[in-house]
1. Tell me which residues, restricted to the stretch 316-330, are under 24 Å from the mean Cα position of the chain (by Cα) and of a type outside the set (A, V, I, L, M).
2. So if I check each of Ala157, Ala145, Ala171, Ala167, which one is closer than 16 Å to Leu224 by Cα and in a helix (DSSP H, G or I)?
3. Restricting to strands (runs of 3 or more DSSP E) lying wholly in the stretch 6-124: which have 1 or more residues that are within 15 Å of the ligand (Cβ to nearest atom) and either under 16 Å from the mean Cα position of the chain (by Cα) or acidic (Asp, Glu) (or both)?
4. Do we find a residue being near the ligand (Cβ under 10 Å from one of its atoms), within 20 Å of Phe181 (Cβ to Cβ) and in contact (Cβ under 8 Å) with a residue 40 or more places away in the chain anywhere in the stretch 245-256?
5. So is Arg128 modelled with pLDDT of 95 or more, more than 25 Å from the chain's Cα centre (by Cα), farther than 18 Å from Cys98 by Cα and not in a helix (DSSP H, G or I) or not?
6. Residues Asp251, Asp203: which one is modelled with pLDDT of 95 or more, charged (D, E, K, R), outside any loop (DSSP other than H, G, I, E, B) and more than 15 Å from the chain's Cα centre (by Cα)?
7. Please work out if Ile300 is more than 10 Å from the ligand (Cβ to nearest atom) and either at positive phi or in contact with a Phe, Trp or Tyr (Cβ under 9 Å, 6 or more places away or on another chain) (or both).
8. Given the criteria over 25 Å from Ser57 (Cα atoms) and either in contact with a helix residue (DSSP H, G or I) (Cβ under 9 Å, 6 or more places away or on another chain) or surrounded by fewer than 21 Cβ atoms within 10 Å (Cβ to Cβ) (or both), does Ala271 qualify?
Amino acid sequence: MRSITLIMGDGIAPEISEAVMKIVDNSGLKINWDIQTAGADLIETEGTPLPKRVLESVIKNKIALKSPVTTPIGKGFRSVNVQLRKELDLYANSRPCCSFPSIKTPYDKVDIVVVRENTEDLYAGIERQVDENTAESIKIITRDASIRIAEFAFDYAVRNNRKEVCAVTKANICKLSDGLFLNCAREVADKYSDIQFREILVDNCCMQLVQNPNQFDVLLLPNLYGDIVSDLCAGLVGGLGIAQGANIGKDYAVFEPVHGSAPDIAGKNLANPTAMLLSATEMLNYIGEKEHAIRIKNAILKTFADNIKTKDLGGQSSCSEFTDAIIERL
Ligand code: NAI
């Protein structure tokens, strides 16, 4: 039986993780879930929010499904998510944003994939207090990381029959850092004659996404813009409750929803498990279990088509009712 690490976070993490494991188990696939907790609660007992055992488990199993972990704002420990991506060199973050036929939004047939560099930029966490009234954050962009994420985006486009990769930067202002990222994207683009290449500034990109998202195909962004723009794209297709994601490296892959721990609805049986479930189907595709991935995806589509939805999508179902409805339709 295949072992997969399940990183258990906090907030809505237990509710959606339980839902996803139940659905995957009911799809007929036998998985040995190696459940590893992470997050602030462990600081007291294990001295860190990301104990070594979590990393060791992912290294052993090679694949993980991760639920969200809270990061304190403006103080406290460094994000578990950022640490995990850095430690395992999960350099590519891909976040597909696709319209669902039964989820009404102002936009039809949106089909965008956000490819986000995952290891550097302002997320390198290099900050200092210069004096009492001044703080400084350093934005790191390197040639190696920019080339490999651009190659990932173009390879993704080729593998998935996509037509265009669009590099999104602020290279007019951050001339050196974003300029380097853009130059690397241009260099890689020259090697992929079948995929069109386009460039856009991030502010214009946000406006264009809201006005006419159908013009975009694969977006390629440095870490911070990628984080922000992927939430925007999630909003175009129905919100964070259905936005899936994957962190891919050379040796390991960690699949996780785009959303966070949603403390405002935690413990109330209100969370939508779809984003984590779609991340799990992507994981099943990745490990070659395509039939199970399709079966689960079809059950999600059928459940939405039968107008069974959680509150974030305008429905009335609780997390557990929605989960049971999917299982009935598997
Ligand atoms: P959030 O994504 O947790 O929530 C934003 C809004 O979306 C909230 O109103 C929430 O109720 C709603 N929402 C999110 N996921 C939902 C779901 N599955 N079903 C229904 N509604 C959902 O973002 P927020 O509030 O900014 O962050 C909360 C915490 O999560 C922070 O500590 C943040 O650092 C952390 N975070 C963790 C991530 C991760 O573990 N990968 C990613 C993003 C944030």
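1. Matches in the stretch 316-330: Ser318, Cys319, Ser320, Phe322, Thr323.
2. Ala145
3. 63-66, 92-98, 111-117
4. So far as the stretch 245-256 goes, yes, one or more of its residues are near the ligand (Cβ under 10 Å from one of its atoms), within 20 Å of Phe181 (Cβ to Cβ) and in contact (Cβ under 8 Å) with a residue 40 or more places away in the chain.
5. yes
6. Asp203
7. Yes; evaluated as a whole, the condition is true for this residue.
8. Yes, satisfied.
The values are calculated or read from the model by the stated rules, or taken from the named source; none is laboratory data. Everything quoted here is computed from the prediction, not taken from an experiment. Here the Cβ is made from the backbone with ideal geometry for all residues, glycine too, and neighbour counts use every protein chain on show.
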